[in-house]
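Right, one structure below, let's go through it.
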Amino acid sequence: MKAGACARIDAAQDLAALEALRVEFLGKQGSISGLLKTLGKMSPEERQEKAPKIQALRQDVADALAARKAAMEEAELEQRLAQETLDLSLPAPDMPRGTVHPVSQVMDELAEIFADLGFSVATGPEIEDDWYNFTALNMPESHPARAMHDTFYFPDQAPRGGRMLLRTHTSPVQIRTMTEKGAPVRIIAPGRVYRSDSDATHTPMFHQIEGLVIDRDIHLGHLKWTLETFLKAFFEREDIVLRLRPSYFPFTEPSVEVDVGFAIENGKRVLGGSGDEPGHGWMELLGSGMVNRRVIEFSGLDPDEWQGFAFGLGVDRLAMLKYGMDDLRAFFDGDVRWLQHYGFSP
Ligand code: FA5
């Protein structure tokens, strides 16, 4: 009987079959349990002779069941391990990766170009004091030029009069740099600025880069050379032509607006050449000028000793021109498809 039982246990294919065998042999109604029950009806002599054999049989069958069960569980574990093996030599799946935003890329490029020209980077707060944003830039409280800026005001009173505000341009960094560091100065100040304004070429938050050079004997020629050199480097073209137009800013005198010449090719603006050629045009890039004597005075410097130039350009507009984009608002929608379209995201 033992040989037969063991053969069947070894042949069992799964845990369910093994359990069925356990019940068949060792269960309450099982065949070995049945044998044990017969002991009671035996004579003492017979029982003495048979009992150890039946007990041994029961033990052997129980051992065989346990051994087979352990073997099955081990085989199952091995199979699972084999299936779950990681093949580290396989190529990794292609995960989508983020990239630097086009405006940030342009800011980084500009900072690099100006670093080569000997400019360092200065910063100022986005929540600004009325005095730095306007008054010290020669725009006293009733000055009409303030109205051009569509300012976002806070209810809080500013320390030197007026209210606190979101800076409308990066020009307050001019004052902060001169009052804190004195002269000479050669800085750019990139950053966010805010105006209550929105259409295809205006967004309520945009980016400017301010440039400021203060030294002895600085004149308009230095401004023109600096702007030409940087724009040629930025657009990677030698045929960039600038047009300097007389303009007005309270903080520069004289003031100059700078346009860049472009041609229309396949319905798109392509920079280069004079805007006066037939089929060409001029596009406004930035405001600039010689720093007003009063601004130099406001900053605690002597305007008879120190002169300089300043400029402020719209970084987002520059990015639009460089990458041929037509709506400024799309820059800040965060639409990945738009970024992909312009090659900024894989
Ligand atoms: C100024 O902000 C002056 N602070 C610039 C300046 C600095 C002049 C130093 C002289 C000396 P303006 O308001 O023109 O000027 O703005 C400068 C540039 O910012 C514009 O030429 C334009 O490119 C960009 N800009 C102005 N408003 C917006 C807007 N709402 N959205 C996007 N770009 C804008």
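Neighbours of residue 182 by Cβ distance under 15 Å: Lys/Arg scored +1, Asp/Glu scored -1, total -1.
Residues considered: 97, 269, 22. Largest GNM mean-square fluctuation over the chain, using C-alpha springs under 10 Å, is found at 22. Look at the Cα gyration tensor of the stretch 186-276: its axes a ≥ b ≥ c give a/c of at least 1.5 with a/b at or below b/c, and that counts as oblate.
With θ taken as phi - 60° and the Karplus curve 6.51 cos²θ - 1.76 cosθ + 1.60 applied, the whole-hertz 3J(HN,Hα) list for the stretch 287-303 is x, 6, x, 7, 4, 4, 3, 5, 5, 5, 5, 3, 8, x, 10, 8, x Hz, x standing for glycine and proline.
The magnitude of the dipole of the stretch 146-295, with charges of +1 and -1 set on the Cβ of Lys/Arg and Asp/Glu and taken from the Cα centre, is near 700 debye. Give me the net charge for the shell around residue 15: Cβ to Cβ below 14 angstrom, other residues only, Lys and Arg +1, Asp and Glu -1. Cβ neighbours under 14 Å give a net charge of -2.
In this structure, the amide hydrogen of residue 168, modeled 1.01 Å from its nitrogen in the peptide plane, lies closer than 5 angstrom to those of 194, counting only residues at least 5 positions away or on a different chain. Accessible surface of the stretch 214-259, 1.4 Å probe: 53 percent of it comes from carbon and sulfur atoms.
Among 115, 92, 189, the residue with the largest mean-square fluctuation in a Gaussian network model of the chain, with springs joining Cα atoms closer than 10 Å, is 92. In the chain, the alpha-carbon atoms span a convex hull of 297 Å³ per residue.
How much net charge surrounds residue 210 when only the other residues with a Cβ under 11 Å from the Cβ of residue 210 are counted, with Lys and Arg +1 and Asp and Glu -1? Walk me through the intermediate numbers first.
Values: positive: 167, 176; negative: none.
For residues surrounding residue 210, the net value is +2.
Pairs of Cα atoms nearer than 8 Å and 6+ residues apart set the relative contact order; for the stretch 20-97 it is 21 percent. Whenever you get a sec, compute what percent of the accessible area on the stretch 1-89 sits on carbon and sulfur atoms (1.4 Å probe). Carbon-and-sulfur percentage of accessible area, whole number: 56.
Explain nothing, just the number: relative contact order of the chain, from Cα pairs under 8 Å at least 6 residues apart, as a whole percent. Write out the running numbers ahead of the final one.
Working: 546 pairs, mean separation 49.8, N = 346.
Relative contact order comes out at 14 percent.
Within the listed set 68, 160, 192, the Gaussian network model of the chain (springs between alpha-carbon atoms below 10 Å) gives the highest mean-square fluctuation for 68.
If amide H atoms are built 1.01 Å from N in the plane of the peptide, which residues on other chains or at least 5 residues away come under 5 Å of the amide H of residue 309? The answer is 213, 291. When only the Cβ of Lys, Arg, Asp and Glu is charged (+1, +1, -1, -1), the dipole of the chain relative to its Cα centre reaches about 1760 debye. When you filter the GluC sites (Glu not before Pro) in the stretch 65-104 for DSSP loop state and at most 13 other Cβ atoms inside 10 Å of their Cβ, you are left with 84. For the stretch 6-128, the residue among 96, 18, 29 whose Cα projects farthest onto the positive side of the dipole built from Cβ charges is 29.
Lysine pair count for the chain with Cα-Cα distance under 14 Å and sequence separation of 8 or more or different chains is 8. Does the stretch 133-218 come out rounded, prolate or oblate by the C-alpha gyration tensor, with a ≥ b ≥ c the root eigenvalues, rounded set by a/c under 1.5 and, if not, prolate when a/b is larger than b/c and oblate if not? Oblate, because a/c is 1.5 or more while a/b does not exceed b/c. Surface exposure of the chain, expressed per residue as accessible area with a 1.4 Å probe, stands at 55 Å². Is the shape of the stretch 236-346 best called rounded, prolate or oblate, per the rule: a/c under 1.5 gives rounded, else a/b larger than b/c gives prolate, else oblate, with a ≥ b ≥ c the square roots of the Cα gyration tensor eigenvalues? Here the stretch 236-346 falls in the oblate category. Distance from the C-alpha centroid of the stretch 91-145 to that of the stretch 303-331: 10 Å, rounded to the whole angstrom. Across the stretch 231-238, computed HN-Hα scalar couplings (Karplus, 6.51 cos²θ - 1.76 cosθ + 1.60, θ = phi - 60°) run 5, 5, 5, 5, 8, 6, 9, 8 Hz from first to last residue, x flagging Gly and Pro. Residue by residue, the stretch 116-124 carries 3J(HN,Hα) couplings of 5, 8, x, 8, 9, 9, 10, 9, x Hz when phi is fed to the Karplus relation 6.51 cos²θ - 1.76 cosθ + 1.60 (θ = phi - 60°); x denotes Gly or Pro. Taking amide hydrogens as placed 1.01 Å from N in the peptide plane, the amide H of residue 240 sits under 5 Å from those of 273, each at least 5 positions away in sequence or on another chain. Across the stretch 166-213, C-alpha contacts under 8 Å between residues 6 or more apart give a mean separation that, scaled by the residue count, equals a relative contact order of 43 percent. Over the stretch 130-174, what percent of the accessible surface lies on carbon and sulfur atoms, probe 1.4 Å? In the stretch 130-174, the share of accessible area belonging to carbon and sulfur is 56 percent.
The values are calculated or read from the model by the stated rules, or taken from the named source; none is laboratory data. All figures in this text were calculated on a predicted structure; none of them were measured in a lab. So basically every Cβ, Gly included, is an ideal-geometry build from the backbone, and we count neighbours across all protein chains shown. The area values use the complete protein model at the heavy-atom level, side chains included, leaving out ligands, DNA and RNA. Shrake-Rupley method; radii C 1.70, N 1.55, O 1.52, S 1.80 Å.
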